[in-house]
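Shown next, in structure tokens, is the structure this report addresses.
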Ligand SMILES: *Cc1c(COP(=O)(O)O)cnc(C)c1O
């Protein structure tokens with residue numbers, strides 16, 4: 001492959017930080033994790049940041065801390081990574097899938113969101129797709145009216161700022177800090193990478209305390225507390241999990257956090273370049289092109305005009321050395337969800353867009369010239385693989 005879908009800016013500095021941890025011989029949660037949490041909370045402007053082993057763990061603990069359990073319905077897009085919905089099932093609650101805006105807006109559709117609220121609805125998981133803010137003004141207002149907890153799956157939006165808002169209380173805040181809790185992933189292809197890893201941010205002392213205890217077996221003290229002589233015994237007051245991060249991931253995270261702002265700015269510049277080259281192409285639309293807010297630019301989605309051309313289009317790009325992907329196969333169509341949650345309302349825009357979407361390479365190591373080359377190839381592949389009207393069957 002000439003151009004990878006994603007790549008990471010990681011090198012000597014990270015290697016040294018990890019080597020320091022190895023030499024310290026304290027590998028599980030400890031002082032570097034505390035330092036990473038403090039730096040993350042400062043960047044986010046939240047009171048708390050709790051490091052965990054993944055965003056999936058973060059979502060699970062956020063739902064648990066918000067008291068979501070059996071009998072509760074949780075609104076979530078189907079157009080997301082499966083982990084956003086899996087976390088709901090971990091708590092024994094019921095995912096209720098919500099449609100998206102359409103090919104121009106891959107985030108939750110607000111009228112569909114409202115239409116799916118029932119007396120059992122307890123929470124909303126908001127995904128800021130590709131790093132672009134969902135309409136948090138209206139989501140928070142809706143949640144307030146119906147007494148729902150809002151949990152932000154901000155995996156794509158790390159470092160992004162909410163600027164759409166009419167509500168001055170929300171405008172200017174980091175995405176992930178507007179709902180009751182925000183969840184982040186440091187998986188190997190995200191904007192901030194530690195391999196595996198995640199974070200919960202919140203201003204709510206109770207949620208933070210619950211998450212801290214639940215990530216470590218429900219114990220009232222950590223092994224670091226005990227090693228540091230601060231405690232010798234502990235109680236288990238709640239069912240907990242082992243969802244801790246490690247000192248190695250925290251050390252990586254601290255270095256990566258320092259690079260985030262620059263890397264996101266680079267992603268933004270590359271996205272603008274893609275938009276300039278591709279926005280007028282008649283065989284595709286680019287979502288979110290109306291947006292000028294400070295997004296996370298995690299991925300570069302395009303939506304082809306015709307779903308029938310997708311396989312050939314992706315093959316043509318592959319033959320040109322360009323890796324592509326699809327974000328996302330809708331969650332409600334997966335076998336497990338068809339069996340477990342068969343009764344879902346119609347999700348026409350999710351189905352339509354999911355059949356036509358293709359994700360192009362986007363990462364901070366791409367040069368402007370790389371994006372120009374990719375765009376040339378994308379335009380040529382689109383021309384080559386376009387489904388012509390004459391190929392359509394009579395009457396259809
Ligand atoms: C990556 C991702 C997750 C899962 O993160 P992990 O850290 O791998 O558990 C959840 N939701 C979205 C939207 C993601 O992109």
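Throw me the Rg/Rh for the stretch 261-392, computed over C-alpha atoms with Kirkwood Rh, two decimals. Spell out each step's value before the answer.
Numbers: Rg = 16.2 Å, Rh = 16.1 Å.
Checking Rg against Rh, the ratio lands at 1.01.
Over all alpha-carbon pairs of the chain, lay out the pair-distance distribution in 10 Å bins, whole %, shortest bin first.
5, 22, 31, 25, 13, 3, 1, 0
Return one number: the angle in degrees, 0 to 90 and rounded to the nearest 10, between the long axis of the Cα atoms of helix 205-214 and the longest principal axis of the Cα atoms of the chain.
Once rounded, the angle reads 90 degrees.
So which residue, out of 233, 372, 137, gets the largest mean-square fluctuation from a GNM of the chain using Cα contacts under 10 Å as springs?
The residue with the greatest mean-square fluctuation here is 233.
For residue 230 and residue 368, what is the calculated FRET efficiency with R₀ set at 51 Å and r taken between the beta-carbons, to the nearest 0.05? Can you show the working numbers first?
On the way: r = 52 Å, r/R0 = 1.03.
So the FRET efficiency works out to roughly 0.45.
Between 0 and 90 degrees, rounded to the nearest ten: what's the tilt of helix 12-24 against the longest Cα principal axis of the chain?
30
What nm value, rounded to one decimal, do you get for the distance between residue 223 and residue 388 when each label is placed 7 Å out toward the C-beta?
Distance between the two pseudo-spin positions: 6.7 nm.
Could you give the nm distance between label points at residue 280 and residue 118, where each point is 7 Å from its Cα heading toward the beta carbon?
5.0
Taking the simple approach of a point 7 Å from Cα along Cα-to-Cβ for both residue 355 and residue 326, what is their distance in nm?
Modelled inter-label distance: 1.1 nm.
Using 0.36 nm per residue, how much length does the chain from residue 380 to residue 318 gain when fully extended, once their Cα-Cα distance is taken away? Intermediate results must be reported in sequence, preceding the final value.
On the way: separation 62, 0.36 × 62 = 22.32 nm, distance 1.27 nm.
Length gained between residue 380 and residue 318: 21.0 nm.
In degrees from 0 to 90, rounded to the nearest 10, what is the angle of the helix 247-278 Cα long axis to the longest principal axis of the chain?
Compared with the principal axis, the helix lies near 20 degrees.
Would you please state which residues of the stretch 188-228 a label at residue 28 would reach in this model, taking the label point 7 Å out along Cα→Cβ and a backbone N cut-off of under 13 Å?
What the label zone holds, given the 13 Å backbone N cut-off, is 215-228.
Can you tell me what share of the DSSP beta bridges in the stretch 12-256 is antiparallel? A percent to the nearest 5 is fine.
The antiparallel fraction comes to roughly 50 percent.
Values in this text are rule-based calculations from the coordinates and carry no lab data. Remember, it's a predicted structure, so these values are computed and weren't measured experimentally. Positions of Cβ are generated from backbone atoms using ideal geometry, with glycine treated the same way; all protein chains shown enter the neighbour counts.
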